[in-house]
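Working notes, beginning with the structure itself.
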Amino acid sequence: MKVDRRQFIKISAGTIGAAVAADLAGLGLDTSAAQEAARAVLAKTGKQTPSICPYCSVGCAQIVMTNDEGRIIDIQGNPDSPISEGTLCPKGAATYQLVNNEHRWTKVKYRAPGSDHWEEKSLEWAMNRAAELVKQTRDADFNEFQELPDGKGGRVKKRVMNTYAVASLGGATIDNEWNYAQQKLMHGLGVVYVENQARI
């Protein structure tokens, strides 16, 4: 069978499903084996929970499917989303691998300064260690007073209660409630540099 360029493009521009199969058959290709394999794939069923993709700031909606034990068995796009209408980018479509991945660490690993190996620590230890280091850095570089311009060409000593040694960069998919709590904590510590990834 001879197919010219125009016919090939016309055949290639077919719709999905049966139309594509018919077009490929028009090229002389046998698609019966592929169609049979597609029919053999079992549809995953379970409890469906609406969620949001954890990656970029677009916020595409997802449906997380869990089995009776509460284990995630599938994650797919949510067709009810006005943002993505059920579509996901390659990274969002692979979210299932973020949850179920044999290479993903599920326990806290700590590598001490100068060490050549990782140690397993408890989550409580890690949270306390992070808090200790933030407080230590903040206390070492805390400014109760600072000389600032007085607006008249001179300088005046003002009470500022801040630190320039700590910064906060929030993630783009953090919701408003978390952002509110985060900025309250940072301002309570005297942190001046509070920013969000979505603005960068």
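For this structure, a couple of remarks:
- Within the range 165-199, tally of residues that are surrounded by 13 or more Cβ atoms within 10 Å (Cβ to Cβ) and of a type in the set (F, W, Y): 1
- Among the residues of the range 64-109, those identified as touching a Leu at 6+ places or on another chain (Cβ under 9 Å) and among the charged types (D, E, K, R) are R104, K107.
- Note on the range 89-137: residues that are in contact with a helix residue (DSSP H, G or I) (Cβ under 8 Å, 6 or more places away or on another chain) and under 13 Å from C53 (Cβ atoms) total 0.
- Residue match in the range 110-122 (condition: of a type in the set (D, E, K, R), over 30 Å from Y164 (Cβ atoms), under 24 Å from the mean Cα position of the chain (by Cα) and not assigned by TED's automatic domain parsing to the domain that holds S168): no
- Extreme residue, nearest to the chain's Cα centre (by Cα), among residues of the range 77-88 that are surrounded by 16 or more Cβ atoms within 10 Å (Cβ to Cβ) and part of a loop (DSSP other than H, G, I, E, B): L88
- Cβ-Cβ under 9 Å pairs, at least 6 apart or on other chains, the range 113-131 side more than 23 Å from M186 (Cβ to Cβ), far side surrounded by 11 or more Cβ atoms within 10 Å (Cβ to Cβ) and of a type in the set (S, T, Y): W118/Y110; E119/Y110; E120/Y110; K121/Y110; W125/Y110
- Here the range 21-76 is the region considered, the condition is being in a loop (DSSP other than H, G, I, E, B) and over 20 Å from Y96 (Cβ atoms), and the residue that is modelled with the highest pLDDT is D30.
The values are calculated or read from the model by the stated rules, or taken from the named source; none is laboratory data. A quick note: this is a predicted structure, and the numbers were derived from the prediction, not measured. Neighbour counts run over all protein chains shown; Cβ positions are idealised from the backbone, glycine included.
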